[in-house]
Every structure is written in structure tokens, then in C-alpha cells.
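As C-alpha cells, the structure follows; a few thoughts come after it.
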Amino acid sequence: MREQLDFLLFDWLKVETLCARPRFAEHSRETFTAVLDTCERIARERFAPLNRLVDAQEPQFDGQQVRLPEGVGAALAAYVESGMLAAAQDMDAGGMQLPCTVEMAGNAFFSKASVGLSAYAMLTSGNANLLMAHGTPRQREVFARRELAGEWFGTMCLSEPQAGSSLSDITTRAELEDEADPLGPRYRLRGHKMWISGGEHELTPNIVHLVLAKIPGPDGKLVPGTRGISLFIVPKWCVDGDGQLTGVRNDVQLAGLNHKLGYRGTTNCLLNFGERAGAVGYLVGQPGEGLKCMFHMMNEARIGVGTGAVMLGMAGYEASLEYARQRPQGRAMGPAGKDAAAPQIPIIEHADVRRMLLAQKSYVEGGLALELYCARLVDELHTGDAATAQALLDVLIPIAKSWPSEWCLEANSLAIQVLGGYGYTRDFPVEQYWRDNRLNMIHEGTHGIQALDLLGRKVVQQGGASMAALAARVQATLERAMQSDWAAQSKQLAAALALLGGATQQAWSTDEPTEALANAVPYLQAFGHTVVAWLWLDVALASTGNGAGAQGRQAAARYFFAYELPKTAAWLDVVARRESVCRDMRPDWF
């Protein structure tokens, strides 16, 4: 993995060039490498040894507190000490002012070593980053800075048992208690939040919940839809105006732990707010702008989820590759067939096993390129051409979350297949990687939600400006590829891009959203495959020389164009003709 990561960062994305910008002027390739070395070491020494343990020993609630396996706290303390919680923050705020690209690459090691443990850090960092962007100076000082220092951990509390992903239907209620509280307008919250990762533990003295709730209107009723949603800081333990713990437990109670297929290292909770006097919460931003603020964290989390999916796929790929090199089974086929007296050969010598390994390589390394490219756009958003970066991120974030969640999960399935029956046992790690990765298709917005966002909003907004920005980037790669040995793939990608553009227009040709969006998921799949094919072509053009790394990348790129990109035509066919079978199907016909 490290060789590929270094290639993508330094040879393909040219992250060293960011050091010419004032924000990153104190950095160099040496400091970036030192960060990666530290992350790789801590992940290997502290996180990886716990991965099986936290899977086998799920979090338990003894009636008083949640208990986690021994060693979890020490592992997360090592992460905190590395400074990675505040890696991209200003140096004045205790950060390192690292580029997002390098921060994402460093955190990738932790996702690969133990995604369940790394989730606490990802949530805390995202929570603090949101408050640094949208909180008041006092909120930043009291809550965000303590999170960035690792003193307290954080969560995001969106879903509710009756609402799921339909946030417009949340019913958690926030009633004003004191407009003049130094920590922000103070409210009392009452309601229930479901699927809250990191929602209860004893890892830190306090937990900072960011909670979506609705402020009632003058008539005392909640405003329908998303317009009434506001965002609140709700600490597990109450604090005074200076942020010191008062010793009073806030009215936030654990109602139960959810027992999951995978991702068991992270507590996942049903939380009750306001069983007694109401949970104390402080308004973030303006009333009714809760989703606007929360999307700051959600978009960051979506790139993080995609990276986690990639790294679980990478872990499975590396495990199955090692197994395939060592496992003897079967014999080579000669002109006269197989010689039963000949010695067995490693299964990696069989073409079908190589097919499964190449598929995994194309998914996980293509997915890694996708996530790092998006992180590089975040750096551009803050220090470069912000308008173009935002336009590209608008269409790529749904892909960054969903594509690896589907195809790196498929990589995990193929890893199990390479190991055969052994892969299905807990004696080998690949079955856990699949179980852990299965969640990524669900959280931070399912495929269906991401697809509706992509086809329903992002590709048509501002007259298709985001789509045009992406097409321009792809076209630049196509022009370079036409002057190389990749001309055939360039023509293939150009045809796929044209199909995608045509299907987009045909989907909306009747201006009927129900017709256009019924096949949004196939559209998302085709869009994702087209984007990853483009990135593979761009990576292949940068992979010069005859070394094993370069040859492997070029083979993975050829595989993706030969076996994967042709799938887009079938997906886009149902989109373009607005296939109606799914919307015509009646519930009673099932």
C-alpha cells in the first residue's frame, strides 16, 4: 500500500507543489513523509493488534457504563498524541496546517488497521471542524479546541427511529431557555436519536453531541420539512461558561446499544434526550440552518466513509494476495493437459485467481485515487481555484462515498473467494473486512440517497456547471492519452462520457422527476465507473518506467477498461429510456 500511496501523492497529485502556497509554506515532502511514517507506525503497532479483539468483544453496557476491550483507550490516546485530530487546523489552534490530501492519506492507515477504532477519531475531528467553521468564538474555545486536543470526543446525531434518513421527519424538539447564555442561546431538547456512532463510552471525560432538532413555531408546533431544523451542541456532562465540567450529568441517556454485523469496535447507540428536565443544548449558527451547518461535517464524513471503504478493500486485497502467493493447489495446464505427477503450483498462477486479484486491485487502488483526488480538491477549495474545486466536489462527493462502498465491498467478497472455504472462517481476517465494510453502503447516506442527490441536483444545478467542469478535466486527460499508447482507452472513455451526458439529458427530457429519478442508482453506478476509468487513465499516464509498481498500475488500468467500463452502457440504457418497471411495480404484486 505505501508504495502506491506515495506514488499517488507525490508523483500523480504533486502534493509537494502545495508547499508554495502560504498556508503550507512550512511543510515539505520531508514533513509529509514524516506524518505518513508516524501514522503507519501507530496504526500497525496500536490499532491493528486490536482489530480482531474489538470485533470478538463487542461493547457492553453493564447498567452503569459502556465497557470496551482493554487497550482501546491506549490506542486512541496514541492517535491523539500524534496530533492527527487537528492535523489540518491552523497552527494557532493547535493544528499542523497539513493539506487535507496528506491528512486523508495519514488517516487511511488507521482505517485499514481497525476501522471500528478509527471512527471515534473521524467523528471527533469532523465535529470539531464544523464548530471551528460555524461556532461562536466561545463554542470554538470550549468545545472544538478540547476535541481537537483529544480531551473530549464528539458525535453527530441526525437519524431518529421513526425517520431514518428522512431528516425532514425528525421530531426532536428544542425549546429556548436562555437567549443570553455565554455558550450560545441555551435550549432544552427532548427526543430520540438512533444509530449514533460513539454515542456513549468512557474513553474521554465528556462527549460533545452535535444534535439536529426543531425549534417550535409561535403556535408551539414543529415546522414541517427541513426548514425548521437547527443544530445544537449537547454535551454528555454539563459545563460552565468557561467549559469546566460541573459534575452534573446532562439529560442524555443511553437507551440501548445496537448489535451490528461488523464495525463492532465503535459503540452504536440509541440515545434519549430529555427524559427528565430536558437536555441542555446550545444553538450553533442561526435557527433553521442546522442542515446547512451539518453538511459541513457530513460532506467531510462522506469522503472519510469512502476512504474507510477503500482501506477495508485494500486490507482484504493484500491478505488474499499473500494467500494466493503461498497456497499450492492444482497444476499447470500443458499441451497434453495436466500432469498429475507434477508439483502443485501457487494459486496465483491460475488465470481466474489473477482475474479476482486484478479486480480487487482495480477497485481499491482506483478508489484510493478517487478519495485522494477529492481531498486534493478540498485543498484547492481553501487555497486555490475555489469555484472550480467546489463545482467538481459537488458531483464527486456522492461518488466518493458510494463507489468504494459498493466496489471495495465487492473486493472483500473476491478476497473471500480467493481464500475459498478458509476465507469464510474466522481463522482468516477477510470475513471481518467484508462485515466491517458492509456498513459503508448504508451510513452517511445510502446509495439511493446519493444517487438522488447526484442526478436530481448536482448534475443539473447551475445549468450543468458541475458536469461541465468534470467533462473539462476528463477531456484534458483524453487529449494527453491520445498521444500515447493509451489512445484506444481514450476513445473508449470518450464514448462512455458521451453516453453519460446523453443519458443525463434523456433522463430529464420530460421534466418529470419521477421518471428521471426512478433509475438514479444505475446512473450513479455508471457515473462512478466513468469517473474511476478517467482516474485510472490519468494514473496510467503518470506510471512510467518498467518497475513492478508501474507495470501493476498499468495492468489494473487495462483491466478496468476491459472488464468494468463496458458495464456503463447497460446501466445508462435504463436511465436514457426512463425504464418504468420499478415505478410501475405495485406493492401488492410482490
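The values are calculated or read from the model by the stated rules, or taken from the named source; none is laboratory data. Values in this document were obtained by computation on a predicted structure and should not be read as measured data. As a convention, Cβ positions derive from the backbone with ideal geometry for all residues, glycine included, and neighbour counts pool all protein chains shown. These area figures cover heavy atoms from the full protein model, side chains too; ligands, DNA and RNA do not enter into them. Shrake-Rupley method; radii C 1.70, N 1.55, O 1.52, S 1.80 Å.
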Please give the number of the condition ASP485 fails out of (1) open to solvent by 40 Å² or more (accessible area, probe 1.4 Å); (2) closer than 30 Å to ARG457 by Cβ; (3) charged (D, E, K, R).
(2)
Here the residues within region 532-554 that are open to solvent by 30 Å² or more (accessible area, probe 1.4 Å) and more than 18 Å from MET482 (Cα to Cα) are GLY545, ASN546, GLY547, ALA548, GLN551
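Do we find a residue being among the small types (Gly, Ala, Ser), under 29 Å from HIS259 (Cβ atoms) and open to solvent by 10 Å² or more (accessible area, probe 1.4 Å) anywhere in region 220-231? First the steps, then the outcome.
The initial filter retains those residues of region 220-231 that are among the small types (Gly, Ala, Ser), namely 220, 225, 228, 230.
Applying the additional criterion that residues be under 29 Å from HIS259 (Cβ atoms) yields none.
Looking for residues that are among the small types (Gly, Ala, Ser), under 29 Å from HIS259 (Cβ atoms) and open to solvent by 10 Å² or more (accessible area, probe 1.4 Å), one finds none in region 220-231, hence no.
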Checking THR388 against (1) in a helix (DSSP H, G or I); (2) modelled with pLDDT under 95; (3) farther than 27 Å from MET1 by Cβ; (4) of a type outside the set (Lys, Arg), the condition it does not meet:
(2)
Looking at region 338-347, can you tell me whether even one residue there is of a type outside the set (D, E, K, R) and part of a helix (DSSP H, G or I)?
yes
Region 397-512: helices (runs of 4 or more DSSP H) wholly inside it with 2 or more residues that are closer than 30 Å to ALA324 by Cβ and in contact (Cβ under 8 Å) with a residue 60 or more places away in the chain are 430-438, 487-507
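Residue under question is ARG21, and the condition is that it be over 24 Å from GLY199 (Cα atoms), out of contact with any His (no Cβ under 8 Å at 6 or more places or on another chain) and open to solvent by 40 Å² or more (accessible area, probe 1.4 Å); does it hold? I'd like the intermediate steps shown before the answer.
Numbers: over 24 Å from GLY199 (Cα atoms): yes; out of contact with any His (no Cβ under 8 Å at 6 or more places or on another chain): yes; open to solvent by 40 Å² or more (accessible area, probe 1.4 Å): yes.
So ARG21 fits the description; yes.
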Of the residues in region 568-588, those that are surrounded by 13 or more Cβ atoms within 10 Å (Cβ to Cβ) and part of a helix (DSSP H, G or I) come to THR568, ALA569, TRP571, LEU572, ASP573, VAL574, VAL575, ALA576
Return the only residue of LEU68, LEU53 being more than 23 Å from the chain's Cα centre (by Cα), open to solvent by 30 Å² or more (accessible area, probe 1.4 Å) and closer than 22 Å to GLU147 by Cβ.
LEU68
In region 265-291, how many residues are over 21 Å from GLN64 (Cβ atoms), surrounded by fewer than 21 Cβ atoms within 10 Å (Cβ to Cβ) and touching a Gly at 6+ places or on another chain (Cβ under 7 Å)?
1
Just one of the numbered conditions (1) open to solvent by 10 Å² or more (accessible area, probe 1.4 Å); (2) out of contact with any Phe, Trp or Tyr (no Cβ under 7 Å at 6 or more places or on another chain); (3) farther than 23 Å from ALA389 by Cα is not true of ALA520; which one?
(1)
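Across region 122-146, what is the number of residues that are over 21 Å from ALA389 (Cβ atoms), of a type in the set (A, V, I, L, M, F, W, C) and open to solvent by less than 10 Å² (accessible area, probe 1.4 Å)?
Narrowing region 122-146 to residues over 21 Å from ALA389 (Cβ atoms): 122-124, 127-128, 131, 135-146.
Keeping just the survivors that are of a type in the set (A, V, I, L, M, F, W, C) gives 122-123, 128, 131, 142-144.
Checking the rest, the ones that are also open to solvent by less than 10 Å² (accessible area, probe 1.4 Å) come to 128, 131, 142-144.
Within region 122-146, residues that are over 21 Å from ALA389 (Cβ atoms), of a type in the set (A, V, I, L, M, F, W, C) and open to solvent by less than 10 Å² (accessible area, probe 1.4 Å) number 5.
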Residues of region 24-35 being in a helix (DSSP H, G or I) and crowded, with 17+ Cβ neighbours inside 10 Å, in sequence order, are PHE24, PHE32, VAL35
Scan of region 292-341 for residues that are closer than 30 Å to GLY116 by Cβ, open to solvent by less than 30 Å² (accessible area, probe 1.4 Å) and of a type outside the set (A, V, I, L, M), ordered by number:
CYS293, ARG302, GLY304, GLY306, THR307, GLY308, GLY313, GLY316, TYR317, SER320
Checked against (1) of a type in the set (Val, Ile, Thr); (2) open to solvent by less than 20 Å² (accessible area, probe 1.4 Å); (3) closer than 24 Å to GLU160 by Cα, ILE215 satisfies every condition except (2)
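Looking only at region 237-250, which residues are open to solvent by less than 20 Å² (accessible area, probe 1.4 Å), in contact (Cβ under 8 Å) with a residue 60 or more places away in the chain and not β-branched (Val, Ile, Thr)?
As a first pass, look at region 237-250 and keep what is open to solvent by less than 20 Å² (accessible area, probe 1.4 Å): 239, 243, 250.
Next, only the ones that are in contact (Cβ under 8 Å) with a residue 60 or more places away in the chain stay: 239, 243.
Scanning region 237-250 gives a single hit, GLY243.
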Only one of these is touching a helix residue (DSSP H, G or I) at 6+ places or on another chain (Cβ under 7 Å), in contact (Cβ under 8 Å) with a residue 40 or more places away in the chain and not hydroxyl-bearing (Ser, Thr, Tyr): VAL234, VAL280, VAL284. Name it.
VAL284
Which one of these does GLN360 not meet: (1) without any contact (Cβ under 8 Å) to a residue 60 or more places away in the chain; (2) open to solvent by 10 Å² or more (accessible area, probe 1.4 Å)?
(2)
Taking region 451-480 and keeping only residues that are open to solvent by 30 Å² or more (accessible area, probe 1.4 Å) and under 27 Å from ALA542 (Cβ atoms), one is left with MET467, ALA468, ALA471, ALA472, ARG473, GLN475, ALA476, GLU479, ARG480
Out of (1) touching a Phe, Trp or Tyr at 6+ places or on another chain (Cβ under 7 Å); (2) open to solvent by 10 Å² or more (accessible area, probe 1.4 Å); (3) more than 13 Å from GLU175 (Cα to Cα), the one GLY198 does not meet is (2)
